[in-house]
Each structure stands twice: as C-alpha cells, then as structure tokens.
1. Taking 2.2 N^0.38 Å as the expected size of a compact globular protein, what ratio does the Cα radius of gyration of the chain give against it, to two decimals?
2. Using the Karplus curve 6.51 cos²θ - 1.76 cosθ + 1.60 with θ = phi - 60°, work out ³J(HN,Hα) for each residue of segment 167-178 in order, rounded to whole Hz, and write x for Gly and Pro.
3. Just to confirm, what accessible area per residue do you get for segment 175-289 at 1.4 Å probe, in whole Å²?
4. Explain nothing, just compute: Karplus ³J(HN,Hα) = 6.51 cos²θ - 1.76 cosθ + 1.60, θ = phi - 60°, for every residue of segment 96-104 in order, whole Hz, x for Gly and Pro.
5. Counting heavy atoms of the protein chains only and a 1.4 Å probe, report the per residue accessible area for segment 1-63 as a whole number of Å².
6. Taking Cα centroids, how far is segment 136-211 from segment 93-126 in Å?
7. Amide H of VAL182: which non-local residues (sequence gap of 5 or more, or other chain) have their own amide H closer than 5 Å, using H built in the peptide plane?
8. Any idea how far the Cα center of segment 7-31 sits from the one of segment 233-256, in Å?
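The values are calculated or read from the model by the stated rules, or taken from the named source; none is laboratory data. Quick caveat: nothing in here was measured; it's all calculated off a predicted structure. Note that each Cβ is placed from the backbone with ideal geometry, even for glycine, and that neighbours are counted across all protein chains shown. The accessibility values were calculated without ligands, DNA or RNA, using every heavy atom of the protein model including side chains. Shrake-Rupley method; radii C 1.70, N 1.55, O 1.52, S 1.80 Å.
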Amino acid sequence: MIAKSQKHWNGDVGTLLRVGQGFRLSSVDASSTPGYGRSKKHAADDLIDGSAELDELQERLYAQSMVGTPPAAAAVLLVLQAMDTAGKGGIIRHVVGSVDPQGVRLAAFKKPTPEELAHDFLWRIEKKLPAAGMIGVFDRSHYEDVLIGRVRQLAPADEIERRYGAINDFEKNLVASGTRIVKVMLHISSDEQKARLGERLVRPDKYWKYNPGDVDERELWPAYMDAYQTVFERTSTEHAPWYVVPADRKWYARLAVQALLLQALQQIGPRWPDAPYDLEVERARLAAT
C-alpha cells in the first residue's frame, strides 16, 4: 500500500536515502531533495496528508497492543542524530507531533549523569525503549557514545570499537523482539548551520537556543563527519539500516522522515482489531438501557 502523501515521490524513499555499501557522506548534497520533485508549497500539503495517515497507523498499532492482536508486540523506534541546528526539534513537532501523544515516548539523551556513567553505555538507553504499540523517539541516542565519545576522546579507542559491536547486537535483539528501528541522520551543511546559529544571535525569540559551545563543536566539523562515516560503515545493518536525510531544506527533511515512518508502520501492517466480544449481544444490551 502506498500512502497518499507518498504518491509524489519519484522512487522509494527508503531506498533513496538508505546507507548502503560504498556510501560516502561527503558525497551527499545537504541541500538536495532526493526523490521529491515538487515545491516547498506542495510539500506542506503532502505533509498534512501524511500526518493523517501516520496518526491512523499509529492508533491501529496501539489498538492491537491493547487487545493482543498480532503483531501485538510491535513498536517503532525513531533514532534522530545530527549536528546542532539540523532540525531534530522540528521533526518531533511537525512529524511525530501529528499523532496522539499518548502513543509516543520521547527520550532526549543529554550528558550522562554519574549514575549512568556507573553502568554500561546502553543501560540508560534500555530504560527508555518504547513499549508495544508505541512510537519511541530518541533525540540523540546511544550513538552519542561513538560520536562525541570518539571526537572528544571521552573513551579509549578499544572501548569505542567495542561499542560498535554492542550496538549491533543490541539493535538486532530489539528488532527480533518486534521493534522496527528507523535510524536517521539529518545532514546539514556547515554553511547552513552557520546561518542558523547566526539567526539565533539576532532574534530575541532564538537567544535561548544559542549555546556558545556550538561554535567549539563547529571547529571539529571534519572530525565529526569522519565519526559519522565510521558509524555508517559499522552499524548500518540489514536489520537496522541508517538513512541520511539532507536537512538544509527543513521542509524536505520533515517530509522525508515522515515518509520513512509511514513505511515502517506500513511494513508492520497494523489493522483495527476485531471486537473481543459479541457485537450483536452488546448492541442489544445497549439498546435496552
């Protein structure tokens, strides 16, 4: 089944954005719109259509989990990784925010607490996984531990190496338990990030978003791009592939992530569950009251 909002894509969005063998991040144009040839105005209409479709599919997923209809254990986990200002917040508001909030579990992973540091790096991640019937969203994730951890040398090289394998095993087990993982890197260009940071310094309603530390991170841009490339090479697997979404155009990024979520839910195929009671009997009982 092709969602109404996906009919204007020129090709399969999952295939177009998926990280495959030989992928090079440096070859991706962050201002491009792979597979979508329509304008920003049309994208807004398609996003609205997709919102209604996403909302219904999520409610079906939740309903199945409530009554135990197969696949009752199914869930979706959206992993969002990006450099600062790439638009993770906009994805959460404009894409995930279109579904019933009762069916969403959002986790924003910040600097680890002392308690979290006392455990393996995946300990805090496991505590925030979505339950059956839910869409989970990781605003940053376990990948911080092989991105910042590598660039800032927060862990020895052999520990970073161990973590790639641990992540693959963790995600494989998660998929086997019924959770479909959608891993998205929002790819913003250095020039676009500079412009967005500059906007935060001239708009009073954006001051609060500006972090002086973002400029320090910009100076490490090449190291971060290398770290992302290694992440893709080591952890884009058959069961949990990475998708790189060009993010200089916010409207495209939102539409693309929505399309990836729709595909994930369509592949699960949630349906409205049958009534677990005799409909005729209940209709008669209700009519008699």
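1. Rg over 2.2 N^0.38 Å, computed on Cα atoms: 1.08.
2. 5, 4, 5, 4, 6, 4, 5, 5, 5, 4, 7, x
3. Per-residue accessible area for segment 175-289 comes out at 52 Å².
4. For segment 96-104, the Karplus curve yields 5, x, 7, 9, 4, x, 5, x, 10 Hz.
5. Working: 3590 Å² over 63 residues.
Counting only protein heavy atoms, the per-residue value for segment 1-63 is 57 Å².
6. Segment 136-211 and segment 93-126 have Cα centres spaced 12 Å from each other.
7. LEU77, LEU78, VAL79
8. With segment 7-31 and segment 233-256 each reduced to a Cα centre, they are spaced 8 Å.
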